[in-house]
1. Looking at (1) among the polar types (S, T, N, Q); (2) open to solvent by less than 70 Å² (accessible area, probe 1.4 Å); (3) under 19 Å from Val18 (Cβ atoms); (4) in contact with a strand residue (DSSP E or B) (Cβ under 7 Å, 6 or more places away or on another chain), which one does Thr82 not meet, given that it meets all the others?
2. Looking only at the range 123-130, decide whether some residue is at pLDDT 95 or above, assigned to a loop (DSSP other than H, G, I, E, B) and either on the phi < 0 side of the Ramachandran plot or open to solvent by 60 Å² or more (accessible area, probe 1.4 Å) (or both).
3. All but one of (1) open to solvent by less than 70 Å² (accessible area, probe 1.4 Å); (2) at pLDDT 95 or above hold for Asp172; which doesn't?
4. Out of (1) part of a loop (DSSP other than H, G, I, E, B); (2) over 35 Å from the mean Cα position of the chain (by Cα), what's the single condition that is false for Gly60?
5. Look through the range 200-240, keep the residues that are in contact (Cβ under 8 Å) with a residue 12 or more places away in the chain and exposed (fewer than 13 other Cβ atoms within 10 Å of the Cβ), and return whichever of them is nearest to Ser123 (Cα to Cα).
6. Does Asn147 count as of a type in the set (S, T, N, Q), at pLDDT 95 or above and part of a strand (DSSP E or B)?
7. Identify the residue in the range 2-48 that is part of a strand (DSSP E or B) and hydroxyl-bearing (Ser, Thr, Tyr) and, among all such residues, is nearest to Gly64 (Cα to Cα).
8. Cβ-Cβ below 8 Å, separation at least six or inter-chain, first residue in the range 109-131 and closer than 30 Å to Val99 by Cα, second surrounded by fewer than 13 Cβ atoms within 10 Å (Cβ to Cβ) and modelled with pLDDT of 95 or more: which pairs?
Amino acid sequence: VDNNAPVAGSDVVLTIEVQNDGPSDVTGIEVTDLLPDGYTYVSDDAGTYNEVTGLWTIGGISNGSSAVINITATVNASGDYTNVAEVTAADNLDPDSTVNNNDINEDDQDSISLTPEASSDISFTMDIDNDTPNVGDQVVFTLTVNNNGPSDATGVEVPDLLPSGYTFVSDDGSGSYNSSTGVWTIAPLSNGNTATVNITATVNASGDYTNIGEVTASDNDDPNSTPNNGVVTEDDYASVTPTPNPVSDIEM
């Protein structure tokens, strides 16, 4: 395999080689390599491999020659990562192995096992329910974190400490949002799921009205963003800037 520790969701290339050590030319060679559920077949370069049955029909190999196939597969987030291949048919007698007997100690069978690294594509968005609130009104910031997989995600944190233009009122995070530090601690988030918190705040008469949030921690590798790097173009960073309307209670 071209990578023994791939990131889940990435592709690996499994290379299988069958060598004829002679002395005779051989015909009728077949190799069975049905990918286990830890992989999803993508392609191969032989043209004689059946990804449904795992059967690679080689045919003949002359003395001293070999046949090679490269199978490209996607590493799934979970499953069996031990791939086993064996010569399951040949027209000639083999002096030191028996085809299709599932004996891993014989030289007509081999296997490889990978240890993938978990990968979670975490994205973050922020919305506000009113872009032009009146000073003194309450607004609701909605923070949303999506786990686009393929692995379940743990250790995800999003700080959103309200700037000086707002005063914290409440949130519906059931204790997962700390208004003093601004840290929103997200429970383990399975592949394809979403976490949301709504923060209610009062719009002050003056101050900074740009609210910024970013994923600053995650236990898994993210294929297209880096937590806590402050890059505004990445999908784990978001901000909103409303324009409050000034309000003055004039009395004469």
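1. Looking at each condition in turn, Thr82 falls short on (3).
2. Within the range 123-130, one or more residues are at pLDDT 95 or above, assigned to a loop (DSSP other than H, G, I, E, B) and either on the phi < 0 side of the Ramachandran plot or open to solvent by 60 Å² or more (accessible area, probe 1.4 Å) (or both).
3. (1) is the only condition that Asp172 fails.
4. Going through the list (1) part of a loop (DSSP other than H, G, I, E, B); (2) over 35 Å from the mean Cα position of the chain (by Cα), Gly60 breaks only (1).
5. It comes out as Asn224.
6. When the stated conditions are applied, Asn147 passes them.
7. Looking at residues that are part of a strand (DSSP E or B) and hydroxyl-bearing (Ser, Thr, Tyr), I get Thr27.
8. Ser111/Thr82; Ile112/Thr82; Ser113/Thr82
The values are calculated or read from the model by the stated rules, or taken from the named source; none is laboratory data. This structure is a prediction, so every number in the text was calculated from the model and none was measured. A quick note on method: Cβ atoms are made from the backbone with ideal geometry, for glycine too, and the neighbour counts reach across all protein chains shown. Quick note on the areas: whole protein, heavy atoms, side chains included, nothing else; ligands and nucleic acids left out. Shrake-Rupley method; radii C 1.70, N 1.55, O 1.52, S 1.80 Å.
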